[in-house]
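Every number here is computed from the coordinates shown, using simple stated rules; none is lab data. In this text the structure is predicted, and so the values were computed from the model without any measurement. Reconstructed Cβ throughout: ideal geometry from the backbone, glycine too, with neighbour counts over all protein chains shown.
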Amino acid sequence: MRQGRRRVIHRAGDPQKQDDAKAEIRVDSLRDVAGPKRKAELANYLDKKHRPLPPDEIVERARKRLGQKGYNLLSKNCEHFATWCRYGDGIGVTQGEGISEQVTHYTNNFGMV
């Protein structure tokens, strides 16, 4: 496996503290993010509606935001960061799919209820 394939750049915080100001964009191992028993899955479900940027540009955009702090459920969350990197724009519920489609996607893919 190529170097870097086991690490992920993402917006994360401490879910126990619920402190939005301390959430930041950082690099973690995929295992730490997904969990040791979880199967990693690409969730590029917006590719049908939005054209992704070239892979090198996606990675460069993510790297430029390393260390950025802050979180907002509606305008600055992990999905906004991921879609900003991939498509060039932070796509949220109102801009992407309908909320019911997103809830179904997260429930099916991440085990949320």
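Applying the criteria of a DSSP loop state and at most 13 other Cβ atoms within 10 Å to the chymotrypsin sites (Phe, Trp or Tyr not before Pro) of segment 26-88 yields Y45. The loop-placed GluC sites (Glu not before Pro) in segment 21-68, going by DSSP, that have at most 14 neighbouring Cβ atoms within 10 Å of their Cβ come out as E41.
Within the same chain, lysines fewer than 8 places from K49 are excluded, and of the rest, those with a Cα less than 27 Å from its Cα are K39, K64, K76.
Within straight-line reach of K37, meaning a Cα separation under 25 Å, sit the following lysines at least 8 residues removed in sequence or on another chain: K17.
With each label modelled as a point 7 angstrom along the Cα→C-beta vector, the R26-R6 pair spans 2.0 nm.
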